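Have a look at the structure below, then the notes.
The values are calculated or read from the model by the stated rules, or taken from the named source; none is laboratory data. It should be emphasised that the depicted structure is a prediction, and the values quoted were computed from it without experimental measurement. Cβ: placed from backbone, ideal geometry, glycine included. Neighbour counts: every protein chain shown.
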């Protein structure tokens, strides 16, 4: 358990160190990221890649916003409540491992949404590992460019660490967003023309009481104002506490959501 | 007019497009002259074609122009390729022998500035929004890989008059004719600039104004609506939009664009209030309305951009 946590972190760091920043003209696309990562993450274990019944990944073929491309992983009934971990990998990003989600056993997840930066045309893949060790991978092709170097959005910057909870009308889905530049280190300040240093959320945890519902290791491939949305077969437990870890400060941002009696049908 | 990363042709498609243009397309020899018309005394406009940014001929989709004073000429936007820039320069030469002393870019998009290089030999001052150089730097890979930008474009914007953070002069003198330049807060992009010719009451609005073509939001929806408020207070007799036909009915043009942007805002606010995710909001994209061209190309990205801006309000 502990060492499986360490590995993706190391892989991320290694990839960060070895890949040049995007945007230089003579650079060749990093097409081999998944092939390089697979042995580290999953060894020789078989990975099933077919069947829409169990799992699908949804991403726009041509993204409306490369700096904030919505990726949704849908789980069919055959996987609901059986997924213990989900990794999202963006092959051609400077930091391909976008996020690793560890789920509470039995959480009947129907969908997982996140918003990512897409640096260039790439495969986006999700790999789910079940509680009994089965591996399912689905991928989508996204055509985009420049998502890692797009300047901060025009929205007013707001308060660092401010959290927004946005429940769906039926109370089964909850979107969590945290106000944070999540600077990739590949952006340029439009005013000064200087590079913006990396500053991002490295971990997001959602807790119901003492129980960790979702534990996500994240990084610079998440968009500005990192956003995560869970959709479950069951109504979202309430209250839910969010903890977000800021890098490099190691500061912890927290916020708690309580379902309003009016919202949700149950 | 495109957003960085809207990602039309990739490298391959781009190379193919270039070949096609050379063979059967609409080849622009260096000496060809761009068609312009004099919409007011000394104000010349080339009207761009209503094509997709993915279409063959996309180098010629923006409105371009030049204004002739008693001393010299100001060029406003230079087109989407070196060839368009060269043809625009030929058009200037066909109408006046006066030197080009200013080249003004209304913002960073390829269709408005890739022709800059054609004017380097005239040694004009290149003018733009204080954030134009940074915007150009971050767009460099996209402009080169997808739109075939040549190094001269980047050389032009690196000129001292457009160093990062340098505001353009509030007005410039062409000899008996003053142009007022306004650098806007983030709206269509983060580097929008407009040019007003007081002598004829003509406003070059850049892509703050689209007429007939679906507006493309890259900067800020609220910022853009605010800019339209401010523009509405100006006394303008004739407006040259970034895309679409020039018109003397400035109010009507502003109202149509405002209506599109306000509907976009209302749509996204309703989705947010209902707790819809970004993909859910995109799936329920609005039906085309208002007769806007290229709705399918711009509406999804506008929704996405608006969602990301408004979700924090």
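Would you please name the residue that is nearest to residue A:71 (Cα to Cα), looking only at residues in segment A:144-162 that are surrounded by fewer than 19 Cβ atoms within 10 Å (Cβ to Cβ) and either at the interface with chain B (Cβ under 9 Å from one of its Cβ atoms) or at pLDDT 95 or above (or both)? Break it down into steps so the answer makes sense when it comes.
Our first condition is that a residue be surrounded by fewer than 19 Cβ atoms within 10 Å (Cβ to Cβ); within segment A:144-162, this holds for A:152, A:156-162.
Going one step further and asking which of them are either at the interface with chain B (Cβ under 9 Å from one of its Cβ atoms) or at pLDDT 95 or above (or both), we end up with A:156, A:158, A:162.
Details: A:156: 24, A:158: 25, A:162: 23 Å.
If we take residues in segment A:144-162 being surrounded by fewer than 19 Cβ atoms within 10 Å (Cβ to Cβ) and either at the interface with chain B (Cβ under 9 Å from one of its Cβ atoms) or at pLDDT 95 or above (or both), then A:162 is nearest to residue A:71 (Cα to Cα).
Residues that are touching a strand residue (DSSP E or B) at 6+ places or on another chain (Cβ under 9 Å), buried (at least 16 other Cβ atoms within 10 Å of the Cβ), within 14 Å of chain B (Cβ to nearest Cβ) and not in a strand (DSSP E or B): does segment A:187-201 have at least one? Break it down into steps so the answer makes sense when it comes.
Let us first name the residues in segment A:187-201 that are touching a strand residue (DSSP E or B) at 6+ places or on another chain (Cβ under 9 Å), namely A:187-189, A:194-201.
Restricting the remaining residues to those that are buried (at least 16 other Cβ atoms within 10 Å of the Cβ) gives A:187-189, A:196, A:198-201.
Pick out the ones that are also within 14 Å of chain B (Cβ to nearest Cβ) and you get A:187-189, A:196.
Narrowing further to those that are not in a strand (DSSP E or B): A:189.
Within segment A:187-201, one or more residues are touching a strand residue (DSSP E or B) at 6+ places or on another chain (Cβ under 9 Å), buried (at least 16 other Cβ atoms within 10 Å of the Cβ), within 14 Å of chain B (Cβ to nearest Cβ) and not in a strand (DSSP E or B).
Scanning segment A:60-81 for residues that are more than 9 Å from chain B (Cβ to nearest Cβ) and at pLDDT below 95 yields A:61, A:77, A:78, A:79, A:80, A:81.
In this structure, residue B:245 does not satisfy being farther than 30 Å from residue B:198 by Cα and surrounded by fewer than 21 Cβ atoms within 10 Å (Cβ to Cβ). Of the residues making up segment B:106-142, those that are part of a loop (DSSP other than H, G, I, E, B) and crowded, with 24+ Cβ neighbours inside 10 Å are B:106, B:107, B:108, B:109, B:114, B:115, B:128, B:129, B:131. Checking every residue in segment A:116-138 against the condition of being at pLDDT 90 or above, facing chain B (nearest Cβ under 9 Å), surrounded by 17 or more Cβ atoms within 10 Å (Cβ to Cβ) and under 30 Å from residue B:135 (Cβ atoms) gives at least one match. From the list B:275, B:232, exactly one residue is more than 30 Å from residue A:59 (Cα to Cα) and either in contact with a helix residue (DSSP H, G or I) (Cβ under 8 Å, 6 or more places away or on another chain) or within 14 Å of chain A (Cβ to nearest Cβ) (or both). Which is it? The match here is B:232. Right, residue B:103: in a strand (DSSP E or B) and either touching a helix residue (DSSP H, G or I) at 6+ places or on another chain (Cβ under 9 Å) or closer than 24 Å to residue B:151 by Cβ (or both) or not? The answer is yes for residue B:103.
Applying the criterion of being part of a loop (DSSP other than H, G, I, E, B) and more than 10 Å from every other protein chain (Cβ to nearest Cβ) to the residues of segment B:286-313, the residue that is surrounded by the fewest Cβ atoms within 10 Å (Cβ to Cβ) is B:287.
Residue A:220: away from chain B (no Cβ under 13 Å) and not in a strand (DSSP E or B), yes or no? Give the derivation first.
Working: away from chain B (no Cβ under 13 Å): yes; not in a strand (DSSP E or B): yes.
Taking the combined requirement at face value, the residue satisfies it.
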